[in-house]
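Report on the following structure.
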Amino acid sequence: MTILGIPQAIAALERRVIAAKIAESIAAKAGGEVVAADMKAHAPRDKGTMADSIIVQVEGDTAHVGPTVPYARFPNFGTRYQSAQPFASDAADESEGPVEAAMAAIFKIAMR
């Protein structure tokens, strides 16, 4: 018995693996931007400095999202004098569905 097309099938699968690897960081950035937008929308605003400091950094297939001001943990987690305003924690939890959708859209385009 002879099976035809195996080299072509293997080549097609290898192209998909490469496309997925390339799309990983792009999808991570897209997902991170969704979280960042939600975080900025819910960040406490006295002067807007904390909301303006929220950035997305991508390392490989991982996006790190958060404010760069050193005092951000105090409003997010609270102190003994100030109740928590968990803008960062809530943004990560609330944006799970939209993050998945944004990342899936990137992978769908990459896998064409």
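With label points built 7 Å along Cα→Cβ from the Cα atoms of Lys29 and Thr79, find their separation and express it in nm.
3.7 nm
In nanometres, what is the gap between the two model label sites at Arg112 and Ala9, each 7 Å from Cα along Cα-to-Cβ?
Using points 7 Å along Cα→Cβ, the separation is 2.6 nm.
Can you list the lysines whose alpha carbon sits under 17 Å from that of Lys108, skipping same-chain ones fewer than 8 residues off?
Qualifying lysines at Cα under 17 Å: Lys21, Lys29.
How far is helix 96-110 tilted, in degrees, relative to the longest principal axis of the Cα atoms in the chain, given as a value from 0 to 90 rounded to the nearest 10?
Taking the Cα atoms of the chain, the angle to 96-110 is about 30 degrees.
Show that you can apply the helix-only estimate: for the chain, add -39,500 (n - 2.57) for every DSSP H stretch of four or more residues, divide by all residues, and state [θ] at 222 nm to the nearest 500.
Helix-only estimate at 222 nm: -20000 deg cm²/dmol.
Multiply the residue gap between His42 and Ala105 by 0.36 nm, knock off their C-alpha separation, and tell me the result in nm, one decimal place.
Stretched out fully, the His42 to Ala105 stretch lengthens by 20.2 nm.
For the chain, state what percent of all Cα-Cα pairs lands in each successive 10 Å bin, counting from 0 Å until the bin that includes the largest distance.
So the P(r) values, bin by bin, are 14, 34, 23, 14, 8, 5, 2, 0.
Rule-based calculations on the coordinates, nothing more; no lab input. The structure displayed is predicted, hence computed values, not measured ones. Cβ coordinates were reconstructed from backbone atoms using ideal geometry, including for glycine residues, and neighbour counts include every protein chain displayed.
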